[in-house]
Amino acid sequence: MSENAKLPPMATGSFAERAVAWSKKNLFDGWFNTILTLGSIAFLLWLIPPIVEWAIVNATLSPTIEGCAEVTGACWGFVNANLRLILFGTYPFDEQWRPLLAMIVLMGIICGSLGAVKYPGLRKAIIPMWVIGVPVISVLMWGGVFGLTYVQNSYWGGLPLTLILSSIGVIFAFPFGLLLALGRQSHMPAIKTVSVVYIEVIRGVPLITVLFMASVMFPLFLPDGVTIDKLLRAQIGIILFTAAYLAEVFRGGLQAVPRGQFEAGDSLALSYWQSMRLIILPQALRLVIPPTVNSFISMFKDTTLVVIIGLFDFLGTVKLALRSDPAWTKYYVEGYAFAAAIFFLICFSMAKYSAYLEKELRKGERR
Amino acid sequence: MSKPQNAPGDVRSKGLVDYLNDENVRAVLYQIIAIGLIVFAGWYLVSNTLYNLEQQNISTGYGFLDLEAGFGISESMIQYSPQSDYASALVVGLLNTVKVSLLGIVLCTIIGIIFGVARLSSNWIVRKLATVYVETFRNIPVLLQLFFWYALIPSAFPHPRDALEPLPGVLLTSRGMYMPVPVSDNAYTLMGIAAVIACVVIYFVKKWAKKRQDATGQPFPIVLAGLGIFVGLVLAAYLAGGAPTEMSIPALKGFNIQGGYNISPEFLAVLIGLTVYTSTYVAEVVRSGIQAVPNGQWEAADSLGIKRSVALRKVILPQSMRVAIPPLTNQYLNLTKNSSLAVAVGYPDLVSVSNTTMNQTGQAIEAISIFMSIYLGLSLLTSLFMNWFNKKMALVER
């Protein structure tokens, strides 16, 4: 602490004095830190200017191959020219306002559900939002009613598909995961064994194997004449996979509820389900909100794996656009950078929100 | 958990309703119903599957494993040709999975520790750089990163004709990286054996040194001694084997590069992608592990007059390890499972080879069951090891 005592108090002095004091403390504190700072600055000087030059100074937005050939920098024209294909996949061009609207509705519901943690007034709205929202999204995407033309789900693609697969995956996995978590805590040996085996098996294998199973084996499971399409199979695979991970998240929450709470329920002569619903789950679920958001983030990223079984999610449509014309193929950096930026924006903001929630929820505990 | 259903003075005989209200009876009933439902669902699915397979004339069973595979695999650690059977093709795939996973685990640990420590640096700019690295790469899907590296490598490096040579003998081309390797010789086998023997010797020396320190308080320079034993024994084996110096150096012959050891672009893409992605998670684990050790531990070591380097090794690291090891294992498992994404860029890993097998033979159920059980086996082995390790490391409280 003696070193700090030598520094002038932070709040006094001119701006320049304070800046010098700050950088002495944070950048040039000893020879080792000085070397690190200078090295980092050299690294940034080496890295940043070429990137800025490539991405902004020498770049073009001109949506033609000829326009891109003229510049030495990034060809954002590739994204510009293929934006509709990248965002909505092969959905009929004139109808693309529908997936756009569905996406906005879905994002609204997701934000509303996440916001409910912070604003308790929204909590009662969560279930109605999903109950109304999911049919609205289905009508928008499929159509076939209210004068909307019917669009087969093999034409769905792009960002709406990624959002639908991941959010529907988590929403349907939620109750299933909860049952599995309760099953794992159960005193009945058979039910406990079944839950444990399910959770451990699914968590032990990669998602891609579950997707392969869904796409190749599900058709064999069904009786003769019944078929389910590729999208639904992938969606079921994602739900089954997510449920096992959510179950472990919920288990953490259930274990964090003090033993006395269970006993309190018993002593009030509440039945198992009553005490779960009224006493245990409200406390347990509050604790697991941040890890649940994290599960949603990893599911959102993992949804890209459906590319491997031939669906065109957001990453799939970028690849589709790259292949749409051989002349575009060499602009893969621009395409992937665009997709990466969108994924980053969504995942990063959710992760920050989840970290913030964690802090907020801990406030109450600290008292 | 059973509660008395009847008050002590109740003389009513137990009716059916009382039995149904008995918690133990109910538990048995629920379990019978649950098992019944599962068995019924299983039977239904299996009977459908058998019927469908019969309709499609697909035979069941693992007999196909002995058939000739008929497809080539671009890289293999064991002898393999298209004439080999499916079983050896799957073994090649498994070995490729293990190869990329092990290398990835080693690299992501090193990079992760560097960035995890950097995030706690007192240097503002280093801290921010590390944060940008971690936040960027953990929020972009790993598959996208794989695609990116896979597209980048062939186009960023020149054709074999004008290969880059950053180090003498190391060639960078659009077909991957070439490195010089020693031509195989008995001496290298001998060196391997010597290395194993050295490890065993070091283990016993360490045990003896600890015993001596406990008894007499005299420390023994175990690190230096161990290094000496290892290098000495391996060097002795090399000299005893005749000190071979012949190297296979990669060089352009015709249109391609011959000789040396080739690291394919597919392998590099998978390795770089998995390493970068997982290292961000490892960095977070390392950071929270270090932060979990209370500052008082440093101060306690100081007040006992322990040197700072010794305190780090004997006081701080063992405690942060206890916090960091379980999530670290999880990340290693995730990396191993994510290596299955290799199928998307054409690296012949287990899933990729199984997928080809599945398409050729139509034995979907068998192929999927094989790779699922292998991954499951790997995961269970790791969990067992982790449980054992956790028990060993756990704080022994009074």
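What follows is calculated from the coordinates using simple rules that are stated; it is not laboratory data. Only a predicted model underlies this, so the values are computations on that prediction, with no experimental measurement involved. As a convention, Cβ positions derive from the backbone with ideal geometry for all residues, glycine included, and neighbour counts pool all protein chains shown.
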| task | Work out how much length B:S121 to B:K206 would gain on full extension: take 0.36 nm times their residue separation and subtract the Cα-Cα distance, in nm to one decimal. | result | 27.2 nm
| field | Cysteines (scope chain A) whose Cβ has no counterpart Cys Cβ under 4.7 Å | value | A:C111, A:C347
| message | With 10 angstrom as the radius, rank B:T329, B:T245, B:T280 by how many other C-beta atoms surround their C-beta, starting from the fewest. | response | B:T245, B:T329, B:T280
| query | Can you give the alpha-carbon Rg of segment B:288-398 over 2.2 N^0.38 Å, where N counts its residues? | reply | 1.64
| note | Checked the protein assembly as shown against the a/c 1.5 cut and the a/b vs b/c comparison, axes a ≥ b ≥ c from its Cα gyration tensor; verdict rounded
| Paramagnetic reach from B:R26 in segment A:248-287 [backbone N under 20 Å; point 7 Å along Cα→Cβ] | A:261-282
| said: Which of A:F312, A:F28 has the fewest other C-beta atoms within 10 Å, and how do the rest follow up to the most? | reply: A:F28, A:F312
| P(r) weight above 39 Å for chain A, C-alpha pairs, percent | 36
| remark: When all Cα-Cα pair distances of segment A:50-95 are considered, the percent exceeding 15 Å is 48
| note | Rounded to a whole number, the mean other protein chain Cβ count within 10 angstrom for residues of A:198-207 is 6
| field | Nonlocal amide H pairs with B:V181, under 5 Å, H built at 1.01 Å | value | B:S248, B:G260, B:Y261
| Could you give the distance between the Cα centres of segment B:94-154 and segment A:119-185, to the whole Å? | 33
| Which order do A:F146, A:F32, A:F88 fall in if you start with the one that has the fewest other Cβ atoms within 10 Å? | A:F146, A:F32, A:F88
| request: Enumerate the amide H contacts of A:S62 below 5 Å, restricted to partners 5 or more residues apart or on another chain; note that Pro and chain-start residues carry no placed amide H. | output: A:G77
| Two-decimal log10 I(q)/I(0) for segment B:16-55, as the Debye equation yields it once each C-alpha is a single scatterer, q = 0.14, 0.20, 0.23, 0.27 Å⁻¹ | -0.47, -0.64, -0.72, -0.82
| query | How well do other chains shield peptide A:299-308, expressed as the mean number of their Cβ atoms within 10 Å of each residue Cβ? | reply | 5
| query | If you take every DSSP beta bridge whose two residues both sit in the protein assembly as shown, what share of them, in percent to the nearest 5, is antiparallel? | reply | 90
| Within 10 Å of each Cβ in B:122-130, the average number of Cβ atoms from other chains | 6
| request: Quick one: check the C-alpha center-to-center distance for segment B:173-201 versus segment A:286-344, whole angstrom. | output: 40
| request: Please compute the Cα-Cα pair-distance distribution of segment A:170-319 with 5 Å bins starting at 0, giving whole percents from short to long. | output: 2, 9, 16, 18, 17, 13, 10, 7, 5, 3, 1, 0, 0
| query | Any idea what the relative contact order of chain B is, in percent, if you count C-alpha pairs under 8 Å spaced at least 6 apart? | reply | 20
| task | Give me the distance in nm between label points sitting 7 Å out from Cα along the Cα-to-Cβ direction at B:L67 and B:K391, one decimal. | result | 4.6
| remark: Given backbone amide H placed at 1.01 Å from N, residues whose amide H is under 5 Å from that of A:D313, ignoring those fewer than 5 places away on the same chain, are A:G158, A:V307
| task | With θ set to phi - 60°, apply the Karplus curve 6.51 cos²θ - 1.76 cosθ + 1.60 along segment B:78-93 and write out the HN-Hα couplings as whole Hz, x wherever there is a Gly or Pro. | result | 10, 4, 8, 9, x, 7, 5, 8, 4, 4, 6, 4, 5, 5, 4, x
| message | Taking θ = phi - 60°, what integer Hz values does the Karplus form 6.51 cos²θ - 1.76 cosθ + 1.60 yield along segment B:98-111, in sequence order, with x for Gly and Pro? | response | 5, 4, 5, 5, 4, 4, x, 4, 4, 5, 5, 5, 4, 5
| message | Considering all alpha-carbon pairs of chain B, what whole percent are spaced by more than 27 angstrom? | response | 70
| task | List the relative contact order of chain A as a percent without decimals, with contacts defined as Cα pairs under 8 Å and 6+ residues apart. | result | 17
| remark: segment A:136-249, Kirkwood Rh and Cα Rg, ratio Rg/Rh at 1.05
| Exceeding the 19 Å Cα-Cα cut-off - candidates A:K25/B:K128; A:K301/A:K330; A:K301/A:K359; A:K192/A:K301; B:K307/B:K391; B:K206/B:K314 | A:K301/A:K330; A:K301/A:K359; A:K192/A:K301; B:K307/B:K391
| aspartates and glutamates near A:K24 by alpha-carbon distance under 20 Å, same-chain residues fewer than 8 away left out - which ones? | A:E3
| query | Regarding segment B:219-338, what is the average projected area of its C-alpha convex hull, in nm²? | reply | 12.7
| field | Additional length obtainable on full extension of the chain from A:W142 to A:I56, 0.36 nm per residue less Cα span | value | 27.0 nm
| remark: In whole Hz, the Karplus estimates of ³J(HN,Hα) for segment B:354-360 (6.51, -1.76, 1.60; θ = phi - 60°; x where Gly or Pro) are 4, 4, 4, 4, 4, 5, 7
